[in-house]
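Notes to accompany the following structure.
The values are calculated or read from the model by the stated rules, or taken from the named source; none is laboratory data. Keep in mind that what you see is a predicted model, and the values were worked out from it rather than measured. Backbone-built Cβ (ideal geometry, glycine too); neighbour counts: all protein chains shown.
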Amino acid sequence: MPCEPHALRRLIEQRLQASRPPLDASVAWPAGLTANSDAALRQYFPASPIAAAVLVPIVERAEGLTVLLTQRSSQLRNHAGQISFPGGRVEASDLGPLQAALREAEEEIGLAREHVEVVGYLDPQLVLSGFWVTPVVGFVRPGFGLQLDAREVQAVFEVPLLHILDPANHRSRERRIGEVSVQVYDIPFEGRNIWGATAGMLVALQQLLA
């Protein structure tokens, strides 16, 4: 896998060039897991999940690509304190997951869409809180400013993409969902732990590029 930022960007663009936004939740599978786990697990997830989208913001730093992540507010009803991407439900006014992801990034962290170049989509994922989530991958041009919505976001930070893409940094553990035991991943970084659906999306990106 290339380490040089421009080469790594080209690889990501190539692997995502045929991706399209999903039309419905039937193509989503449980977050962080592979499709062959889907049949046994789907019974534990909501039958009619709500459409949502997140932006996977890859920042083009001179020293290397990074991924911009948020730490959710501890006051939130869902996913309090977790590490996540900016995002939320697809509203009726949104034209689809792309527009929802860009809108939510503006509302949550003040990331203006003019700084984001969207290049494709990762596979959608089901989460136990009742959503099916489309990850929208975009490159972020440096020079942006951020303004956090303190009601939703406690902090933002960046993780080198090469750290995320190195399988040696993925910590596998067992999790039980209902009567099914599955393997999930955590990605520790500088005292924070990326886990759950966010880690699942990042591992999916690593596997796509491998």
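Values for this structure:
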| read-out | value |
| --- | --- |
| Candidates Gly96, Gly87, filtered to the one that is in contact (Cβ under 8 Å) with a residue 60 or more places away in the chain and closer than 26 Å to Ala25 by Cα | Gly96 |
| Every residue from the stretch 162-197 that is under 21 Å from Gly120 (Cα atoms) and either over 18 Å from the mean Cα position of the chain (by Cα) or at pLDDT 95 or above (or both) | Leu162, Ile164, Leu165 |
| In the stretch 176-198, the residues that are touching a residue at least 40 places away in the same chain (Cβ under 8 Å), of a type outside the set (Ser, Thr, Tyr), in a strand (DSSP E or B) and under 17 Å from Ser84 (Cβ atoms) | Val184, Arg192, Asn193, Ile194 |
| Val67 surrounded by 16 or more Cβ atoms within 10 Å (Cβ to Cβ), at pLDDT 75 or above and touching a Pro at 6+ places or on another chain (Cβ under 8 Å) | yes |
| Out of Asp123, Asp149, sole residue that is closer than 15 Å to Ala197 by Cα and acidic (Asp, Glu) | Asp123 |
| Top-ranked residue in the stretch 8-60 [being among the hydroxyl-bearing types (Ser, Thr, Tyr) and part of a loop (DSSP other than H, G, I, E, B); ranked as modelled with the highest pLDDT] | Ser19 |
| Subset tally (residues that are buried (at least 19 other Cβ atoms within 10 Å of the Cβ) and among the acidic types (Asp, Glu)) for the stretch 154-210 | 0 |
